[in-house]
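The values are calculated or read from the model by the stated rules, or taken from the named source; none is laboratory data. Fair warning: this is a prediction, and the values are worked out from it, not measured in the lab. Because the Cβ atoms are built from the backbone with ideal geometry, glycine has one as well, and the counts that use them run over all protein chains shown. Just so you know, the surface numbers come from the protein's heavy atoms only, side chains and all, with ligands and any DNA or RNA stripped out. Shrake-Rupley method; radii C 1.70, N 1.55, O 1.52, S 1.80 Å.
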Amino acid sequence: MAELPHVVVVGGGPGGLAAAARLSARGTAAVRVTLFCTGGRASFLAGAIDVAARGAQPRSFGTEILLPGVEVRPQAVLAAHADGVALADGSVRADAVIAAPGLALRGAARLPSWPRAVWAWDPGGAAAWHEGGVGDAGGVGDAGDVGAAGDVGDAADVGRGATLVAVCGLPYRCPPAPFSLANLLAGGSGQASVTVATPEPTPLAAVGADAPAHLIHAAAESGVELETGFIVDLDASQDGLLRSQDGRELRYRRAFLIPPHERAACLAHLEGPGPLVSVGTHGRVQESMLYVIGDAAATGLPRAAGIARGAGVLAADDVLERLGVCAREEAQPLAASCYVFHRDGRASRIRTRYPPGGPQVEVDPPSLELAREREAELAAFLRGARGVAVAGG
Ligand SMILES: Cc1cc2nc3c(=O)[nH]c(=O)nc-3n(C[C@H](O)[C@H](O)[C@H](O)COP(=O)(O)OP(=O)(O)OC[C@H]3O[C@@H](n4cnc5c(N)ncnc54)[C@H](O)[C@@H]3O)c2cc1C
């Protein structure tokens, strides 16, 4: 009996899970599907906000991956190619590879180690916000602490920006999320002042429509100050003081710093702008059987879970058609829902959809109902990763 075509999926985020689930569901008994994911676990990255601002446990946002009809291998891929993947202990051949490794966060060894700052943008890293150092998430230490650092100015200077959330490079995962985190931190006890700094001249300008105004209004309502066009100059900054390339200064008692995002190492050999890989239709790389989807792909769309999921489905359908397994189904426009928390714990939602006619953006006003829907998204993600429901709803 001829061997079944083999499709390898790299990554257990929304993109990889959706691709693997789709391949398995539509290619039943006609393709063999293997999913490689570091550690064999899926992580709901948005949980970084809940961990930092609400003290949630990082483990609540992860689960073992168990997809029916998919062989899950808890291994890191060293390099993804059109004909297979390289591993530390050899290689695995494939007829097509769908790579969704997301973006890597610059590692601690290449970031300044500042006692007042936490570098994180995932649930595991965000737990450091509650560990040791200067105060905790609910109390930012006293102003005297900053004076004690000596060269960052007097305690009296430290009013504005006592707690800082700063985006330290573009692109980054989920454009509205830093604002969401800042709003919640502003609602926490003892947060006298919270500033969010972003390199974008206007937050969410790329999403457009009502999204920028919504985010700016939500920040103002939560008492969060915005510092826009703030391109961080790490070399000129120090513990307690973040400087921008144009010479602005933000003093902080505590900072949640979102590290620069980098290319996933397994895609290092591919072409593309900065951390992103250049892709064609359905994520194909140079018309080969290698597909790069989700946060790792240079598509011009936001780095959001819904976009990664939809791209996973499109790539899987394209692979199945090219392998002669089944014709593609009618493509659904890519769409994403990004939740924005407000100071009082309600959530609003920015919904984006990208049909051929041009982007559609809708903003749902804050409500407790939306906060519950965000909880339901987490539950659906975890169930999907365990194969209880197909990821992609
Ligand atoms: C704080 C925060 C809030 C967010 N809020 C929202 C929101 O409200 N709505 C929304 O739509 N999106 C949100 N996002 C964005 C969303 O989480 C990402 O866009 C989405 O996870 C990207 O999916 P992905 O599959 O491309 O990559 P990822 O989710 O990053 O998954 C990549 C997977 O690949 C694995 N991997 C990496 N390298 C390798 C390798 N070499 N070999 C094997 N496995 C590898 C990783 O372990 C991981 O499992 C948020 C993100 C953050 C950080």
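What the table shows:
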| item | result |
| --- | --- |
| Number of positions in the stretch 302-326 that are open to solvent by 30 Å² or more (accessible area, probe 1.4 Å), among the aliphatic types (A, V, I, L, M) and within 16 Å of the ligand (Cβ to nearest atom) | 3 |
| Top-ranked residue of the stretch 211-257 - restricted to ones that are closer than 14 Å to Glu200 by Cα and among the β-branched types (Val, Ile, Thr), ranked as surrounded by the most Cβ atoms within 10 Å (Cβ to Cβ) | Val232 |
| Verdict on Trp114 being within 8 Å of the ligand (Cβ to nearest atom) and open to solvent by less than 50 Å² (accessible area, probe 1.4 Å) | no |
| Flag if Val33 is part of a strand (DSSP E or B) and more than 13 Å from the ligand (Cβ to nearest atom) | yes |
| The stretch 351-373 - residue that is farther than 19 Å from Pro302 by Cβ and free of Cβ contacts under 8 Å to residues at least 12 places away in the same chain and, of those, nearest to the chain's Cα centre (by Cα) | Arg372 |
| Any hit, the stretch 292-312, residues being among the acidic types (Asp, Glu), within 20 Å of the chain's Cα centre (by Cα) and at pLDDT 95 or above | yes |
| Of all residues in the stretch 36-55 being near the ligand (Cβ under 6 Å from one of its atoms) and part of a helix (DSSP H, G or I), the one that is surrounded by the fewest Cβ atoms within 10 Å (Cβ to Cβ) | Thr38 |
| Residue selected from the stretch 340-362 under the condition in a strand (DSSP E or B) and open to solvent by 40 Å² or more (accessible area, probe 1.4 Å), by the criterion nearest to the ligand (Cβ to nearest atom) | Arg351 |
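Table: residues versus (1) farther than 20 Å from Leu323 by Cα; (2) within 12 Å of the ligand (Cβ to nearest atom); (3) in contact with a Phe, Trp or Tyr (Cβ under 9 Å, 6 or more places away or on another chain).
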residue: His6; (1), (2), (3): no, no, no
residue: Ala18; (1), (2), (3): no, yes, no
residue: Leu23; (1), (2), (3): no, no, no
residue: Val85; (1), (2), (3): no, yes, yes
